[in-house]
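Undergrad: Input: one structure, supplied below.
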Amino acid sequence: MSAATPGSSPLVEELPSGTTEIHIMPGFGNRLQVVLHSTDGMPEAMPGAVEAVTVYGDGRIEYHPITAKGGAA
């Protein structure tokens, strides 16, 4: 899987075909941590944190990076 790095807004990618679970967990502040579980081995955490995550039924996941006050990412 090619893990997404927060910073570009927003990022949409295809979920790997072996994905069995997606854990979206609260982090410090208003941040979310995303961990993908698959049949291919160990769970893989997305580096960094995001502000929002959308998982689509057609196998896509969309990450919304954290934006600082004033609109900077």
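Undergrad: Within region 57-73, take every residue that is modelled with pLDDT of 85 or more and in contact with a Leu (Cβ under 9 Å, 6 or more places away or on another chain) and give me the one that is most open to solvent (accessible area, probe 1.4 Å).
TA: First pass over region 57-73, keeping only residues modelled with pLDDT of 85 or more: 57-64.
In the following step, the residues that additionally are in contact with a Leu (Cβ under 9 Å, 6 or more places away or on another chain) were identified as 59-64.
On the way: Gly59: 22, Arg60: 72, Ile61: 0, Glu62: 24, Tyr63: 9, His64: 52 Å².
Among those that are modelled with pLDDT of 85 or more and in contact with a Leu (Cβ under 9 Å, 6 or more places away or on another chain), it is Arg60.
Undergrad: Only one of Glu14, Glu44 is at pLDDT 85 or above and in contact with a Ser or Thr (Cβ under 9 Å, 6 or more places away or on another chain). Can you tell me which? Write out each step before concluding.
TA: Details: Glu14 fails: in contact with a Ser or Thr (Cβ under 9 Å, 6 or more places away or on another chain).
Glu44 is the lone residue from the list that is at pLDDT 85 or above and in contact with a Ser or Thr (Cβ under 9 Å, 6 or more places away or on another chain).
Undergrad: Suppose we filter region 45-56 for residues that are in a loop (DSSP other than H, G, I, E, B) and either closer than 11 Å to Ile22 by Cβ or without any contact (Cβ under 8 Å) to a residue 24 or more places away in the chain (or both); how many remain? Spell out how you get there, then give the answer.
TA: Of the residues in region 45-56, the ones in a loop (DSSP other than H, G, I, E, B) are 46-49, 56.
When the remaining residues are screened for being either closer than 11 Å to Ile22 by Cβ or without any contact (Cβ under 8 Å) to a residue 24 or more places away in the chain (or both), the result is 46, 56.
Summing the residues that are in a loop (DSSP other than H, G, I, E, B) and either closer than 11 Å to Ile22 by Cβ or without any contact (Cβ under 8 Å) to a residue 24 or more places away in the chain (or both) in region 45-56 gives 2.
Undergrad: Out of region 16-44, which residues are part of a strand (DSSP E or B) and either touching a residue at least 40 places away in the same chain (Cβ under 8 Å) or polar (S, T, N, Q) (or both)? Give the steps one after another, and end with the answer.
TA: Just the residues of region 16-44 that are part of a strand (DSSP E or B), to begin with: 19-26, 32-38, 44.
Listed by number, the residues that qualify are Thr19, Thr20, Gln33, Ser38, Glu44.
The values are calculated or read from the model by the stated rules, or taken from the named source; none is laboratory data. In this text the structure is predicted, and so the values were computed from the model without any measurement. We place every Cβ from the backbone using ideal geometry, glycine too, and count neighbours over all the protein chains shown. Surface accessibility is based on the protein's heavy atoms, side chains included, excluding ligands, DNA and RNA. Shrake-Rupley method; radii C 1.70, N 1.55, O 1.52, S 1.80 Å.
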